[in-house]
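Inspection log for the structure reproduced underneath, given as structure tokens.
What follows is calculated from the coordinates using simple rules that are stated; it is not laboratory data. Predicted model, so just to flag it, every value in this text is computed and none were measured. With ideal geometry, Cβ positions are generated from the backbone for all residues, glycine too; neighbour counts draw on all protein chains shown.
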Amino acid sequence: MSIRATEARAIIGPRADVDSVPLHDPVPAPGALDLSDNTNRWGAPPTAAAVLASFDASSFARYPSAYSGELTTAIASYVGVEPSMVVTGCGSDDVLDAAIRAFGGAASVLAHIEPTFGMIPAFARLNGLRPRATCLTTAYDADVTALLREAAIVYLCVPNNPTGTGLPRDTIERVVREARGLVIVDEAYAEFTRGSVVDLVRSSERLLVTRTFSKAFGLAGIRVGYGIASPSLVQRVKRSRGPYKVSTISEHAAVSALSFDRAWVDARVDDAIAMRGRLMTLLRGMSLEPLPSQANFLLVPVRDAARVAGHMRESGVVVRAFTGLPYLSQALLESRGDALRITVAPLPEIERAVAALRDARDACA
Ligand SMILES: *Cc1c(COP(=O)(O)O)cnc(C)c1O
């Protein structure tokens, strides 16, 4: 091999940041009860599902609209902003990735609360930023001063995944007011709290609020998410995102859901909140103390969470195990930072999950 070829190889090597990001977990076995990803266990909304089933495929030879104009208008009226304040994407992941890419130069800091949505440190590294974790406090609040220090981007998730906890509005307002760079508030679970800070985008050029069709709207498979921000910030995220990210059929399904399935979504949110209370009661009956949740899942401190989740998986119930969590509650201290995250579901599924958890704890005791 010539010296030239060796040099070329050294120069073109893959980015270490990219190699450091793991591939996503394998999907659960068919037939398993999957309570691991916080999607809507009541299914997809009926009108959107009908649109997907009967879509005229002749339009598939053409590209979709570059930035999903029709969907943008529908989202704007749902949220109560102007269309110039909405950016769509292939899932809200796409909007988060594009926003992170648009801000923060090489090696600048993306500050996030800990624990939080696992994709965030990955998106930071993939875009050449350094993720920096700041632990939630024991009151499930954020240490704003620590979070803001030298941060080009601050990411907050409200309600937070995986804890399910909210953040005081004062805390979010202070971050937005004092941050020098971009502030992202991820409201993937906003429908379950019926609260939002989307109103703050009118008074801040720095704030991007992201939402999704993957959770309360029951449409994770069509991959549609969006961001709400000032028109200038929206323009920037659109440039960074690039055109054609939402497919023709996904745009139609999402528009149909917003136009005709809102009552269905509201009713399923009511169901999820009721079943969240039911699951909480059943778990407390087993001497477990889940964190107070404002979302469609509970974080349940359990010792040996990975082993317990493995046993549950063998009985056909898939939940997500976490280890090494900060000791945010007495129960998390007692579980040494281990916990299971369980998606809220219709009652028969919750009862099946609780039975599987009881058996798994007995087996691991
Ligand atoms: C599920 C989830 C999302 C949604 O991602 P999509 O790409 O829209 O499916 C975003 N943020 C958080 C915190 C989530 O839990």
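If you check ASP34, ASP17, ASP56, which single one turns out to be more than 30 Å from SER315 (Cβ to Cβ), of a type in the set (Asp, Glu) and touching a residue at least 12 places away in the same chain (Cβ under 8 Å)?
The unique qualifying residue is ASP17.
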TODO: Looking only at the stretch 231-239, decide whether some residue is touching a residue at least 24 places away in the same chain (Cβ under 8 Å) and within 13 Å of the ligand (Cβ to nearest atom).
DONE: no
Exactly one of VAL158, VAL144 is in contact (Cβ under 8 Å) with a residue 24 or more places away in the chain, touching an Asp or Glu at 6+ places or on another chain (Cβ under 8 Å) and over 29 Å from ARG223 (Cβ atoms), and that residue is VAL144
Has the stretch 257-270 got any residue that is under 21 Å from the mean Cα position of the chain (by Cα), among the hydroxyl-bearing types (Ser, Thr, Tyr) and surrounded by fewer than 18 Cβ atoms within 10 Å (Cβ to Cβ)? no
Over the stretch 183-206, the set of residues more than 16 Å from the ligand (Cβ to nearest atom) and either touching a residue at least 60 places away in the same chain (Cβ under 8 Å) or not polar (S, T, N, Q) (or both) is ARG194, ASP199, LEU200, VAL201, ARG202, GLU205, ARG206
